[in-house]
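The values are calculated or read from the model by the stated rules, or taken from the named source; none is laboratory data. Quick caveat, the model's predicted, so the values are computed rather than measured. With ideal geometry, Cβ positions are generated from the backbone for all residues, glycine too; neighbour counts draw on all protein chains shown. Heavy atoms of the whole protein, side chains included, go into the accessibility calculation; ligands, DNA and RNA do not. Shrake-Rupley method; radii C 1.70, N 1.55, O 1.52, S 1.80 Å.
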Amino acid sequence: LAGLIVYLGMMVGAVLLGGLADKLGRKQCLIISLAINAAFAFLSSFVQGYGFFLFCRLISGLGIGGTLPIVFAYFSEFLSREKRGEHLSWLCMFWMIGGIYASAMAWSIIPHYGWGFSMGTKYHFHSWRVFVLVCALPCIASLVALKFMPESPRFLLEIGKHDEAWMILKQVHDTNMRAKGEPERVFTVSYIKTPKQVDEFIEIQSSTGTWYQRWLVRITTTLKQVWDNVLYCLTAQYRMNTLMLAVVWFTMALSYYGLIVWFPDMIRYFQDEAYESRVKIFDEEEVSHFTFNFTLENQIHRNGEYRNDKFIGMKFKEVRFEDSLFEDCYFEDVRSSETFFENCTIISTVFYNTDLYEHKFINCRLINSTFMKEKEGCHIDFEEDNDFLIYLVSFLGSLSVLPGNIISALLMDKIGRIKMIGGSMLISAVCCFFLFFGNSESAMIGWQCLFCGASIAAWNALDVITVELYPTDKRATAFGILNGLCKFGAILGNSIFSSFVGITKVVPILLASSALVGGGLLALRLPETREQVLM
């Protein structure tokens with residue numbers, strides 16, 4: 001749920017803030033998106049309640065979702081036609097760099113459980129909160145850097161601010177001349193194509209109505225303009241391209257995000273199977289006057305009898321006691337994870353400073369037993385044996401897209417967007433079929449890396465063609481709609497694929513591969529935009 005709630009926020013943010021960027025400006029809306037993400041990501045690292053934490057992640061997702069369509073529209077409007085595909089692909093690489101950064105930070109921070117602190121029993125700031133905080137730092141740095149960036153000159157021309165656009169273009173021209181080592185030349189504009197102004201914004205004078213009435217009019221008018229832009233993307237001129245792109249975005253997201261969640265879940269499933277196969281079973285053991293001061297792990301104790309035993313300063317990990325008797329025993333400073341007592345009889349036993357709570361005793365009889373000073377607060381132990389593999393899988397998954405990113409950047413303007421999307425999706429579909437042979441952790445990690453590396457070229461080309469198919473005043477809106485649909489596909493993929501873990505591999509593999517084939521073939525019918533000048 002913590003992962004899906006971010007996708008939900010991204011879905012809404014992409015449509016809303018993407019649409020606003022076509023009305024308020026790229027730079028302003030990008031600052032708003034980054035500020036929302038940074039503020040609520042920062043806040044989520046400190047909140048203690050699960051509900052409020054989810055709310056912060058939801059609003060943070062709103063900012064992340066708004067950033068994506070804006071940053072592609074913003075950057076594309078500074079690029080020349082000859083290198084546009086290549087440079088937009090290099091921009092896509094920073095998604096991979098962000099993934100590597102997040103994986104590396106998680107690996108280096110979260111296992112260090114002692115890096116946090118506690119204030120009493122109610123407030124805990126553990127290492128995972130430090131990780132959430134560190135993940136907000138690049139967003140804050142981007143906010144600062146963006147203050148020194150100009151607005152998109154194309155957007156300024158759209159709203160009739162020709163002088164400001166001219167100054168920015170002159171700055172770009174002069175910078176390019178210096179970079180090439182050529183003598184400075186006077187920057188001149190011989191021709192400007194002025195777009196038709198259709199501005200329905202109604203400015204309310206400060207003397208008219210109350211302050212909230214004036215703001216209400218401004219907000220409703222702006223939202224109406226955003227909605228008109230959404231409808232414009234479905235007019236006869238753009239309807240077919242929008243619908244085809246929507247299907248390609250959705251099928252790509254359904255398969256990619258579904259498998260990205262399915263891979264680590266399957267790896268965890270293989271780990272759990274191997275762990276369960278090593279379980280030790282003890283039947284009818286009788287222990288008396290013994291002190292347990294060591295860890296018991298992965299054990300099942302059936303029909304045992306424990307009399308006058310002490311369990312002191314120890315930990316139960318994946319331990320079950322079934323139909324057992326505890327009489328005159330003493331538990332002190334005991335920690336447990338996935339430990340349960342089933343159908344046990346517990347007589348004259350004292351539990352002092354333990355986390356053996358009521359729900360861990362299933363159908364048990366407790367006679368003259370006492371629970372004193374139960375452990376409070378959070379007692380999660382991140383230092384698990386399998387944690388190394390969890391972080392390694394995340395890190396390798398992020399790193400594996402590097403070759404695909406480089407290849408797509410170098411070939412984007414040579415072979416075109418359409419062949420890149422279709423070829424990448426069809427190759428990814430073939431990779432899906434090999435997942436039938438993934439019956440171990442190492443095999444699943446290998447196929448995950450191959451799938452991610454093959455599919456990234458389609459993502460990059462899809463980003464490029466989306467910004468090129470729409471005019472400047474509709475570009476961020478269209479990208480936002482399609483990216484929002486993409487996140488809906490991600491939510492659906494996560495939910496569907498994760499439900500089949502441990503049940504069958506057939507449904508996820510066939511669903512992912514068929515979606516990729518269908519989307520890839522449909523993508524081949526899209527118009528090629530390699531030689532197209534931005535509208």
message = Looking at the structure I just gave you, is Ala476 out of contact with any Asp or Glu (no Cβ under 7 Å at 6 or more places or on another chain), buried (at least 22 other Cβ atoms within 10 Å of the Cβ) and on the phi < 0 side of the Ramachandran plot?
response = no
task = Enumerate the pairs (first residue in the range 23-44 and assigned to a helix (DSSP H, G or I); second residue anywhere and of a type in the set (Gly, Ala, Ser) and open to solvent by 20 Å² or more (accessible area, probe 1.4 Å)) with beta-carbon separation below 7 Å, excluding pairs fewer than 6 apart on the same chain, so at least 6 apart or on different chains.
result = Leu34/Ser142
Number of the exception - Pro527 against (1) touching a Gly at 6+ places or on another chain (Cβ under 9 Å); (2) closer than 28 Å to Trp227 by Cα; (3) open to solvent by 20 Å² or more (accessible area, probe 1.4 Å) = (1)
Of all residues in the range 265-302 being in contact with a helix residue (DSSP H, G or I) (Cβ under 9 Å, 6 or more places away or on another chain) and open to solvent by less than 80 Å² (accessible area, probe 1.4 Å), the one that is nearest to Thr339 (Cα to Cα) = Asn298
request  = Confirm whether Leu133 is more than 15 Å from the chain's Cα centre (by Cα), open to solvent by 40 Å² or more (accessible area, probe 1.4 Å) and in contact (Cβ under 8 Å) with a residue 40 or more places away in the chain.
outcome  = yes
query = Here is a list of conditions, (1) open to solvent by less than 30 Å² (accessible area, probe 1.4 Å); (2) over 30 Å from Ser394 (Cα atoms), and Leu366 meets all of them except one; can you say which number that is?
reply = (1)
message = Regarding the range 254-275, can at least one residue be identified that is touching a strand residue (DSSP E or B) at 6+ places or on another chain (Cβ under 7 Å) and not β-branched (Val, Ile, Thr)?
response = yes
ask   = Pick from the range 48-103 the residues that are among the polar types (S, T, N, Q) and under 27 Å from Val130 (Cβ atoms): which of them is surrounded by the most Cβ atoms within 10 Å (Cβ to Cβ)?
value = Ser60
task = Count, please, the residues in the range 18-39 that happen to be under 18 Å from the mean Cα position of the chain (by Cα) and buried (at least 23 other Cβ atoms within 10 Å of the Cβ).
result = 4
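Table: residues versus (1) open to solvent by less than 10 Å² (accessible area, probe 1.4 Å); (2) in a helix (DSSP H, G or I); (3) in contact (Cβ under 8 Å) with a residue 40 or more places away in the chain.
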| residue | (1), (2), (3) |
| --- | --- |
| Leu396 | no, yes, yes |
| Asp413 | no, yes, yes |
| Ser442 | no, yes, no |
| Ala461 | yes, yes, yes |
ask   = Going through the range 52-78 one residue at a time, which ones are of a type in the set (Gly, Ala, Ser) and in contact with a Leu (Cβ under 9 Å, 6 or more places away or on another chain)?
value = Ser60, Gly61, Gly63, Gly65, Gly66, Ser76
note = Among residues of the range 257-292 being within 34 Å of the chain's Cα centre (by Cα) and among the β-branched types (Val, Ile, Thr), the residue nearest to Ser440 (Cα to Cα) is Ile267
remark   = If you go through Ile362, Ile346, Ile300, the only one that is over 36 Å from the mean Cα position of the chain (by Cα), under 30 Å from Glu441 (Cβ atoms) and not aromatic (Phe, Trp, Tyr) is Ile300
query = Under 7 Å by Cβ, and 6 or more places apart or on different chains, what pairs join a residue from the range 289-302 that is closer than 18 Å to Ser324 by Cβ and outside any loop (DSSP other than H, G, I, E, B) with one that is hydroxyl-bearing (Ser, Thr, Tyr) and modelled with pLDDT of 90 or more?
reply = His301/Ser324
task = Would you point out the residue of the range 136-158, among those that are outside any helix (DSSP H, G or I) and out of contact with any Lys or Arg (no Cβ under 7 Å at 6 or more places or on another chain), that is most open to solvent (accessible area, probe 1.4 Å)?
result = Phe148
task = Please identify the pairs in which a residue from the range 317-332 that is closer than 10 Å to Glu305 by Cα and of a type in the set (Gly, Ala, Ser) has its Cβ atom under 6 Å from the Cβ atom of a residue that is open to solvent by 30 Å² or more (accessible area, probe 1.4 Å) and at pLDDT 95 or above, counting only partners at least 6 apart or on another chain.
result = none
message = I'd like the full set of residues that are within 22 Å of Asn363 (Cβ to Cβ), under 37 Å from the mean Cα position of the chain (by Cα) and open to solvent by 60 Å² or more (accessible area, probe 1.4 Å), limited to the range 303-343.
response = Glu318, Arg320, Glu338
query = Can you tell me which residues in the range 92-111 are more than 22 Å from Ser76 (Cβ to Cβ) and free of Cβ contacts under 8 Å to residues at least 24 places away in the same chain?
reply = Ser108
key: Counted residues, the range 490-535 - those being over 26 Å from Ile267 (Cβ atoms) and either within 21 Å of the chain's Cα centre (by Cα) or part of a loop (DSSP other than H, G, I, E, B) (or both)   = 12
ask   = What residue, of Lys419, Lys487, is closer than 26 Å to Gly13 by Cβ and either of a type in the set (Val, Ile, Thr) or assigned to a helix (DSSP H, G or I) (or both)?
value = Lys487
key: Sole exception among (1) closer than 28 Å to Gln532 by Cβ; (2) of a type in the set (Gly, Ala, Ser); (3) surrounded by fewer than 24 Cβ atoms within 10 Å (Cβ to Cβ); (4) in contact with a Cys (Cβ under 7 Å, 6 or more places away or on another chain) for Ser44, by number   = (1)
